[in-house]
2 protein chains.
Amino acid sequence: MFDAPNGDGTVGKAMQVLDQVSSFGCPVRFSELLADSPFPKPTLYRLLQTLTNQGMLAFDPERQTYSMGIRLVRLAHSAWRHSSLVPIARPHIESLAETVGEAVHLAQFDNGHVLFVDKYKVTDMFDTLAQAGKIAPGYCTGVGKAILAFMTEAQQNRSLDQQSYKAYTPATLSDRTALVAELAWIRKNGVAYDREEHEQGIISIASPILTSKGRVVGAVSIATSTNRYKISDLKKQKPYLLKCANLIGTEAESWQVPTWS
Amino acid sequence: MFDAPNGDGTVGKAMQVLDQVSSFGCPVRFSELLADSPFPKPTLYRLLQTLTNQGMLAFDPERQTYSMGIRLVRLAHSAWRHSSLVPIARPHIESLAETVGEAVHLAQFDNGHVLFVDKYKVTDMFDTLAQAGKIAPGYCTGVGKAILAFMTEAQQNRSLDQQSYKAYTPATLSDRTALVAELAWIRKNGVAYDREEHEQGIISIASPILTSKGRVVGAVSIATSTNRYKISDLKKQKPYLLKCANLIGTEAESWQVPTWS
DNA sequence: AACTAAGTTCCAATATTTGAAACTAAAATT
DNA sequence: AATTTTAGTTTCAAATATTGGAACTTAGTT
């Protein structure tokens with residue numbers, strides 16, 4: 001065996017534990033973690049201790065529970081400001097949202113998932129923060145499909161394997177074959193549509209953000225609700241969307257190109 | 001030697017590297033990192049590789065630079081939603097901001113620094129996200145002093161050692177003795193004032209958030225600018241501020257108590 | 001073409017991590 | 001109150017991953 005299945009040493013294991021705690025989404029006990037951990041008891045125990053020491057996790061001694069640590073917020077602030085598309089994309093997203101009068105999302109890809117890094121909605125500017133950092137599946141969102149469609153074949157295969165293909169709604173493309181066909185269409189068409197595939201009543205049109213060399217670095221979407229608009233209405237916004245994605249792509253070029261494996 | 005000065009094993013070192021990259025605040029080359037790294041070349045090299053593999057860092061192959069990884073944004077989202085005071089404090093902060101008509105900040109402590117986890121300003125709801133995750137020094141901010149004043153002696157000593165005591169403005173308390181005296185006063189008085197100690201023209205009144213057992217878990221502040229108000233005006237808001245801090249403290253009690261060492 | 005600096009790999013010495021088992025503390029049950 | 005069960009913590013020798021000096025390979029200069 002060469003090229004271990006995953007996990008680089010102790011650090012890799014520690015990150016796996018972080019993910020696990022994060023996946024619980026609420027303070028969690030040692031034994032709950034142990035129950036579905038690949039690690040033996042003392043190993044998990046020490047990893048948790050180390051991470052807590054480091055402020056990556058927080059431990060509540062009264063309830064004996066672990067949750068995500070505050071240090072992550074500081075580190076992520078850095079990531080968000082410097083490493084994502086946000087700083088470049090902000091002005092373009094704002095102006096697109098104002099032109100079309102609907103919510104605009106900016107997303108990047110992280111380990112098979114779509115990660116929303118910014119959002120702008122004309123009416124309520126509220127939940128920007130609540131949205132940033134949120135994740136959604138790749139196979140059933142507009143932004144997800146737009147990114148998947150324009151990946152290299154190797155990246156795409158790897159990502160398609162990571163999808164759950166759970167049918168969130170009747171419209172969800174819930175198997176790989178259907179998705180692959182759709183991706184081919186998207187690649188030809190240039191934009192992806194979400195026809196209530198993730199959430200009933202929510203539709204969107206999404207465009208990949210490409211660098212001049214054709215590398216996908218993220219996606220922008222215009223999202224709306226079915227009781228306001230139909231897919232055919234979104235289709236009319238395509239030129240604005242493409243222009244926005246294009247501007248971001250060009251500027252991202254001369255800035256920074258993140259890597260996903 | 002027993003009990004190493006800091007750093008738990010490989011994971012600790014990896015986190016140190018993350019911090020270092022974060023402190024650059026922009027994409028950074030291997031050699032720049034190496035220049036002020038305590039680690040020898042191959043060690044640093046491998047840590048960077050591991051972290052990049054894990055998505056905690058992003059590597060731009062064209063420019064050969066590292067920056068913070070997108071995975072952190074996902075992890076921090078979790079932290080922000082579940083482990084901070086934000087979910088409990090939100091409504092109270094909003095209502096305080098509306099009562100007093102000024103910007104209200106919510107902060108927690110992270111490794112000697114003040115970490116802003118939420119902000120509410122009546123007029124512009126814009127930069128909530130831009131603010132969350134931001135850090136500021138402990139010794140020269142209202143929230144920082146409020147938290148320091150109410151720590152246990154052990155925590156306080158540890159934190160006082162971590163301050164830089166840099167004089168940001170003429171009003172900055174730029175040595176430990178002066179700060180200790182001020183903290184004693186704050187402890188007696190119940191609230192801390194920032195008299196343009198961090199930023200010229202910005203003043204604030206801050207209250208610690210205490211649990212019923214007297215444990216500090218964060219701080220709230222009302223901040224304003226000197227061309228609108230004076231410290232004596234802020235003093236009048238003290239009862240509202242205390243009430244808000246108190247409500248948050250009580251609710252935080254029955255929720256979750258994070259640990260800082 | 002020769003030189004320099006930046007980035008990458010080797011490999012034996014070394015320090016860390018590992019996990020079965022033993023132990024302790026706290027609940028739950030008799 | 002005594003006993004059993006469960007959850008959390010520690011031990012320690014064996015197994016393993018990490019370490020870093022030095023050598024090597026690129027890429028960029030002069």
**OP:** Report, for A:Gln162, each distance to the same residue's label point in the other copies, shortest first and in nm; define the point 7 Å along Cα→Cβ.
**Re:** 3.2
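For chain A, which whole-number percentage of the solvent-accessible area (1.4 Å probe, protein heavy atoms only) is attributable to carbon and sulfur atoms?
On the way: 6090 of 11490 Å².
Carbon plus sulfur share of accessible area: 53 percent.
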**OP:** Please express the Cα-Cα pair-distance distribution P(r) of region A:135-196 as a list of whole percents, one per 10 Å bin, running from 0 to the bin with the greatest distance.
**Re:** 24, 62, 14
**OP:** Sticking with the crude label model, points 7 Å out along Cα→Cβ, report the distance from A:Thr250 to B:Glu62 in nm, one decimal please.
**Re:** 1.5 nm
Subject >> Sites B:Asn227 and B:Thr177, calculated FRET efficiency, Cβ-Cβ separation with R0 45 Å, nearest 0.05 >> reply: 0.90
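Provide, as a two-decimal number, the C-alpha radius of gyration of region B:46-167 over 2.2 N^0.38 Å, N being how many residues it has. Walk me through the intermediate numbers first.
Details: Rg = 17.6 Å, N = 122, 2.2 N^0.38 = 13.7 Å.
After normalising by residue count via 2.2 N^0.38 Å, the value is 1.29.
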Original post:
region A:178-237 to region B:222-243: how many Å between their Cα centroids?
Top reply: 49 Å
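Before anything else, pin down the relative contact order of region A:9-69: Cα pairs under 8 Å, at least 6 apart, normalised by residue count, whole percent.
Details: 56 pairs, mean separation 23.8, N = 61.
Once divided by the residue count of region A:9-69, the mean separation gives 39 percent.
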Subject >> Net lengthening on full extension, B:Arg158/B:Gln200 (0.36 nm per residue, minus Cα-Cα) >> reply: 12.3 nm
Original post:
Which lysines have a Cα less than 20 Å from the Cα of A:Lys41, not counting those fewer than 8 places away in the same chain?
Top reply: A:Lys13
**OP:** Can you tell me the FRET efficiency between A:Ala184 and A:Lys243 if r is taken as the Cβ-Cβ distance and R0 is 30 Å, rounded to the nearest 0.05?
**Re:** 0.80
Original post:
Any idea what Rg and Dmax come out to for region B:9-69 if you just take the C-alpha atoms, in Å?
Top reply: 10.2, 32
**OP:** Enumerate the lysines that B:Lys121 could reach by cross-link, defined here as Cα to Cα under 25 Å, with residues fewer than 8 away along the same chain left out.
**Re:** A:Lys119, A:Lys121, A:Lys134, B:Lys134, B:Lys145, B:Lys230, B:Lys235, B:Lys236, B:Lys238, B:Lys243
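What does the helix-only formula give at 222 nm for the protein assembly as shown: each DSSP H stretch with n ≥ 4 adding -39500 (n - 2.57), the total divided by the residues, and the result rounded to the nearest 500 deg cm²/dmol? Walk me through the intermediate numbers first.
Working: 22 runs with 232 residues, N = 522.
Rounded to the nearest 500, the figure is -13500 deg cm²/dmol.
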Original post:
How compact and how long is region A:105-219, expressed as Rg and Dmax of its alpha-carbon atoms in Å?
Top reply: 13.5, 40
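Hull surface divided by four, with the convex hull built on the Cα atoms of the protein assembly as shown: how many nm²?
Details: hull surface 105.4 nm².
Averaging across all directions leaves 26.3 nm² for the Cα convex hull.
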**OP:** With all distinct Cα pairs included, what does the Kirkwood hydrodynamic radius of chain A come out to in Å, to one decimal, could you say?
**Re:** 19.8 Å
**OP:** Could you please point out the chain A residue with its Cβ nearest to the axis of the rotation taking chain A onto chain B, and the distance in whole angstrom?
**Re:** A:Ala76, 2
**OP:** Would you mind listing the distances between the B:Gly9 label point and the same position in each other copy? Use 7 Å along Cα-to-C-beta, nm, one decimal, shortest first.
**Re:** 1.2
**OP:** Report, for A:Ala35, each distance to the same residue's label point in the other copies, shortest first and in nm; define the point 7 Å along Cα→Cβ.
**Re:** 5.2
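The values are calculated or read from the model by the stated rules, or taken from the named source; none is laboratory data. What you are looking at is a predicted structure, and each value in this text was computed from that prediction instead of being measured. Heads up, the Cβs are rebuilt from the backbone with ideal geometry, glycines too, and the neighbour counts pull from every protein chain shown. Please note that ligands, DNA and RNA were not included when accessible areas were found on the heavy atoms of the full protein model with its side chains. Shrake-Rupley method; radii C 1.70, N 1.55, O 1.52, S 1.80 Å.
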